[in-house]
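Asker: Starting off with a structure, shown below.
The values are calculated or read from the model by the stated rules, or taken from the named source; none is laboratory data. From a predicted model like this one, the values you see are computed outputs, not experimental measurements. Cβ placement follows ideal geometry from the backbone for every residue including glycine, while neighbour counts extend to all protein chains displayed. Heads up: the accessible areas ignore ligands, DNA and RNA and are worked out on the full protein's heavy atoms, side chains in. Shrake-Rupley method; radii C 1.70, N 1.55, O 1.52, S 1.80 Å.
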Amino acid sequence: MMNTKPVSRKLMNISAFDLNLLSVFCVVYDSGSISRAADLLDISPSAVSQSLSKLKTRIGDNLFNRQGKQFHPTAFADELYAQVSDHLGKIADTLQEAGSTPTRKTLTISTSFSLSSMVIPPLYQCLLQENAGFSLHHTEAALTEPVIRELLNYRRVDIVFSPTQVKYNGLTSEKLFSTPLVLVCSKKNPIYGQTISEEEYIAADAVGYTAVSDKIMYFRQQLEKKYPTRNKRLLTTSMSVFLSVVSNTQSIGLLPRRMLSLYARHAELRELAPPFELPEISICASFRQELAEEEDVIRLLASLKTHLSSSDD
């Protein structure tokens with residue numbers, strides 16, 4: 001619930017007063033001429049004269065005296081200017097700061113579990129190459145579409161990288177790249193050759209991820225319908241656990257091909273030709289539409305997209 005405070009009578013009096021009249025007065029006072037003030041304010045000289053007339057009526061005292069072509073402030077005008085000009089300047093500065101976009105210091109990003117190593121290292125490399133004036137703050141989460149919308153709409157993060165392309169008012173979701181899933185096992189695995197048959201697949205022990213997208217969840221459900229007796233030994237959200245287990249056991253698992261290219265040598269993994277077609281996994285960047293106004297951020301995303309595309313050739 002919003003806190004309520006007594007409204008100051010001073011504020012109520014101000015709300016009934018046109019502060020623009022004081023602004024016009026100060027410009028006339030500084031410029032020494034109605035015509036010059038009109039040029040500065042981009043209004044007609046008659047509009048300036050009308051504002052001064054309204055202010056004179058409101059405060060009940062004369063402000064300027066004309067002597068030939070000379071325009072002289074009265075003693076009252078000198079006193080009024082001394083009292084209000086500084087305050088109006090502070091109000092103008094405050095409004096300008098409130099209406100401007102603050103300089104970004106940190107870009108907060110979130111990625112789906114197990115996909116971070118595909119996105120964060122190249123994103124950081126692009127950040128250094130672009131010499132962006134902000135740092136990265138990264139978190140991982142189980143990113144379903146409702147979770148993504150909540151994270152972005154409540155401004156808990158700036159960008160979400162996930163396999164889900166979000167369609168929601170006020171949000172933008174851009175596909176960065178796609179990479180196929182591949183079936184992998186340890187290079188030391190003696191059971192399989194370059195291919196794996198349906199019988200071998202059904203009998204195999206497997207390591208897998210929790211669902212990272214609706215598409216992959218649907219694919220997993222279809223496999224389970226087709227191979228209901230197949231063993232399922234481990235399901236994890238941790239990439240390091242997946243790599244370690246597959247590398248050190250005779251289990252098999254599905255891995256994005258980009259991940260295989262990143263970790264094949266380190267984890268000593270090799271690809272198996274499966275007895276069925278495997279889908280692709282896409283990585284999308286989702287963010288609030290106003291972020292598109294930040295040129296440094298959009299340039300960073302474009303650099304990341306180029307980097308990922310060239311690395312995937």
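Asker: Looking at (1) within 18 Å of residue 198 (Cβ to Cβ); (2) open to solvent by 70 Å² or more (accessible area, probe 1.4 Å); (3) at pLDDT below 85, can you tell me which one residue 271 breaks?
Answerer: (3)
Asker: Pairs only if they're at least six apart or on different chains, beta carbon under 9 angstrom, first in region 49-63 and of a type in the set (Ser, Thr, Tyr), second part of a loop (DSSP other than H, G, I, E, B) and open to solvent by 50 Å² or more (accessible area, probe 1.4 Å); list them, first residue then second.
Answerer: 51/18; 51/43
Asker: In addition: Answer with yes or no whether residue 136 is touching a strand residue (DSSP E or B) at 6+ places or on another chain (Cβ under 7 Å), surrounded by 13 or more Cβ atoms within 10 Å (Cβ to Cβ) and assigned to a strand (DSSP E or B).
Answerer: Taking the combined requirement at face value, the residue satisfies it.
Asker: Sticking with this structure for a sec: Looking at 157, 119, which one is at pLDDT 85 or above, assigned to a loop (DSSP other than H, G, I, E, B) and crowded, with 18+ Cβ neighbours inside 10 Å?
Answerer: Going through 157, 119 in turn, just one is at pLDDT 85 or above, assigned to a loop (DSSP other than H, G, I, E, B) and crowded, with 18+ Cβ neighbours inside 10 Å: 157.
Asker: Which residue, of 293, 280, is modelled with pLDDT of 85 or more, in contact with a strand residue (DSSP E or B) (Cβ under 8 Å, 6 or more places away or on another chain) and acidic (Asp, Glu)?
Answerer: That would be 280, the only listed residue that is modelled with pLDDT of 85 or more, in contact with a strand residue (DSSP E or B) (Cβ under 8 Å, 6 or more places away or on another chain) and acidic (Asp, Glu).
Asker: Right, here's the next one. Restricting to region 166-188, name every residue that is open to solvent by 10 Å² or more (accessible area, probe 1.4 Å), more than 17 Å from residue 291 (Cα to Cα) and of a type outside the set (D, E, K, R).
Answerer: Of everything in region 166-188, those that are open to solvent by 10 Å² or more (accessible area, probe 1.4 Å), more than 17 Å from residue 291 (Cα to Cα) and of a type outside the set (D, E, K, R) turn out to be 177, 178, 180, 181.
Asker: Kindly check whether there is at least one residue in region 252-265 that is of a type in the set (Phe, Trp, Tyr) and part of a strand (DSSP E or B).
Answerer: no
Asker: Got a sec? Which of 93, 86 is among the acidic types (Asp, Glu), under 30 Å from residue 155 (Cα atoms) and either at pLDDT below 85 or open to solvent by less than 60 Å² (accessible area, probe 1.4 Å) (or both)?
Answerer: That would be 93, the only listed residue that is among the acidic types (Asp, Glu), under 30 Å from residue 155 (Cα atoms) and either at pLDDT below 85 or open to solvent by less than 60 Å² (accessible area, probe 1.4 Å) (or both).
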